[in-house]
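Okay, so here's the structure we're looking at.
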Amino acid sequence: MELLYLNEHPLLCFLDKAEIAKLNTIAIGKDFMAHDTIIRVNDRSRDLICIDEGSVSVQVEKIDGSIIEMARLHDGSLIGEMNFIIPTRRTANVVSITEIYATIYPYQRMMELFRDETAIAAKVFAALNVSLASKYWFMVGRLC
Amino acid sequence: MNLFVRRQDNDLFKYLNEAQIRIFDNGMISEVHSAGTVILESTQAPTEILVLQSGELGLYSNDRKQKIGCIFEGEMVFELFYVMPQANIFTLIAEKDSVIMKVPFVDINRFCSMDMEVFVRIHAAINDSLCLKNISLTHRRN
């Protein structure tokens, strides 16, 4: 199987229309108001979330209770992929800056789909690798 | 990810069975490096994923002032460049006497294109490795 970029979506970029339609059967669209918490630190949820419209702030809380903004992410960004791959806990709060429309891909439903749909699983994992590699590259760039 | 069960100590092949690993046999090369040896300079572009069979490797910034991370037995390095080809900024040094196994990107692509199960399991293994590396950076204290 050859990987071809078929669109610019961070999770669906290698999927064709039929595969996207299958994955979308388990996806949940959700609106958030500005200042809503989309991901809360210490949560155990392993769902993947794609920000389709709007902007979010990725925040961590210091020991003294003050909040540091680590990054701002905008539409087309994928969040939650680290806990999707390795189950630990959410390590940051993700708070909406504007009104948000997000697509949530529930972990358990994805695993059930992937057991029957190897090609979709393969292409989603490849897309996740691109996202993880980009984040690693960004963080290393700040260190070097 | 909980889709596959680990079967091997080698992180790149962790989700493959013996028969699936055997297809890689012809392309893989093992190399021995003494402690202190520079295995790859930042001016050289990686063309293989390296899996450490024994010893310890250190990944440094191109000026070697900043240590980015350590590679321990069974772990892989340069999967980043397999996923996202770009200019190298790392220097890889053997911290201890080390044996590495080189798995060329072209072989990974060839075997992944031949067998969907190999493809999905290799990419799941790389998911794990990149995720752990990101966690090691997000949890870094200095």
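FYI, it's all coordinate maths here, none of it is from the lab. Computed from a predicted model, the values in this text were never measured in an experiment. For neighbour counting, all protein chains shown are included, and Cβ atoms are generated from backbone atoms with ideal geometry for every residue, glycine included.
What three numbers, in Å, describe the spread of the alpha carbons of the protein assembly as shown along their principal axes, ordered from the longest?
That gives 57, 47, 29 Å along the principal axes, largest extent first.
Hey, in the GNM for chain A with a 10 angstrom Cα cutoff, which one of A:Ile86, A:Ile20, A:Ile28 fluctuates hardest?
Evaluated over chain A, the most mobile residue of the options is A:Ile86.
What translational diffusion coefficient, in µm²/s and rounded to a whole number, does the Stokes-Einstein relation yield for region A:17-136 at 4 °C and a viscosity of 1.567 mPa s, taking the hydrodynamic radius as the Kirkwood radius over Cα pairs? Spell out each step's value before the answer.
On the way: Rh = 15.0 Å.
In µm²/s, the coefficient is 86.
For a quick size check, give me the Cα extents of region A:1-53 along its three principal axes, largest first, whole Å.
Projected onto the principal axes, the Cα atoms of region A:1-53 cover 39, 22, 19 Å.
Arrange the following residues from fewest to most other Cβ atoms within 10 Å of their Cβ: B:Lys96, B:Lys14.
Numbers: B:Lys96 14, B:Lys14 20.
Fewest-to-most Cβ neighbours within 10 Å comes out as B:Lys96, B:Lys14.
What is the fewest-to-most order of B:Cys131, B:Cys70 by other Cβ atoms lying within 10 Å of their Cβ?
Details: B:Cys131 23, B:Cys70 14.
Least to most surrounded, the residues fall as B:Cys70, B:Cys131.
What does the extension gain come out to for B:Asn109 and B:Ile89, with contour length at 0.36 nm per residue minus their alpha carbon separation?
Numbers: separation 20, 0.36 × 20 = 7.20 nm, distance 2.33 nm.
Here the segment from B:Asn109 to B:Ile89 would lengthen by 4.9 nm.
Within region A:77-144, report the trypsin sites (Lys or Arg not before Pro) that DSSP leaves as loop and that have at most 12 other Cβ atoms within 10 Å.
On the way: sites: A:Arg89, A:Arg90, A:Arg109, A:Arg115, A:Lys123, A:Lys135, A:Arg142; in loops: A:Arg89, A:Arg90.
Here the trypsin sites (Lys or Arg not before Pro) that fit, given the DSSP loop and packing criteria, are A:Arg89.
Across 10 Å bins from 0, what is the distribution of all Cα-Cα pair distances for region B:18-138, in whole percents?
Calculated P(r), rounded to whole percents: 13, 45, 34, 8, 0.
Each label point is 7 Å from the Cα along the Cα-to-Cβ direction; what then is the distance between the points at B:Ala45 and A:Asp52, in nm?
3.8
Give the order of B:Glu56, A:Glu8, B:Glu79 when sorted by the count of other beta carbons within 10 angstrom, beginning with the fewest. It would help to have the intermediate numbers written out before the result.
Values: B:Glu56 17, A:Glu8 8, B:Glu79 30.
The fewest-first ordering by Cβ neighbours comes to A:Glu8, B:Glu56, B:Glu79.
List the lysines whose alpha-carbon lies under 17 Å from that of A:Lys135, not counting same-chain residues fewer than 8 positions away?
The reachable lysines, counting only those whose Cα sits under 17 Å from A:Lys135, are B:Lys133.
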